[in-house]
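The values are calculated or read from the model by the stated rules, or taken from the named source; none is laboratory data. Here the structure is a predicted model, which is why all the values come from computation and not from measurement. All Cβ positions, glycine included, derive from the backbone under ideal geometry; neighbour counts span all protein chains shown.
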Amino acid sequence: MSKSVFYHAGCPVCISAEHDIVNLVGTDNVEVVHIGEVRERIEEAEKAGVKSVPALVTPQGNVLHINFGASIADVKG
């Protein structure tokens, strides 16, 4: 993985965190994935270790859970 991946579900907490992350690391260094809209990426997020969103997966594979917007189980429905 060459850049971080920021997973979120579109809630207000997620959108706020997305703006902060993009401002901190830059758009070239993070891929933003709205798993509420791109549902086929939920499994990818789970395999990376994401338990709740918003979450940032670093290039080294570390998962940084940011605030608590929704659990992956809630997003899956």
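Please determine, by comparing only the residues of region 1-37 that are polar (S, T, N, Q) and at pLDDT 90 or above, which one is nearest to Gly77 (Cα to Cα). Let's see the steps before the verdict.
Quick first cut of region 1-37, residues polar (S, T, N, Q) only: 2, 4, 16, 23, 27, 29.
Filter once more, so that each one left must be at pLDDT 90 or above: 4, 16, 23, 27, 29.
Numbers: Ser4: 26, Ser16: 23, Asn23: 31, Thr27: 30, Asn29: 30 Å.
This residue is Ser16.
Among the residues of region 28-61, those that are polar (S, T, N, Q), under 12 Å from Lys3 (Cα atoms) and surrounded by 11 or more Cβ atoms within 10 Å (Cβ to Cβ) comprise Asn29, Thr58.
Across region 68-77, which residue is surrounded by the fewest Cβ atoms within 10 Å (Cβ to Cβ) among those that are in contact with a strand residue (DSSP E or B) (Cβ under 7 Å, 6 or more places away or on another chain) and in a helix (DSSP H, G or I)? Only one residue fits best here, namely Ile72.
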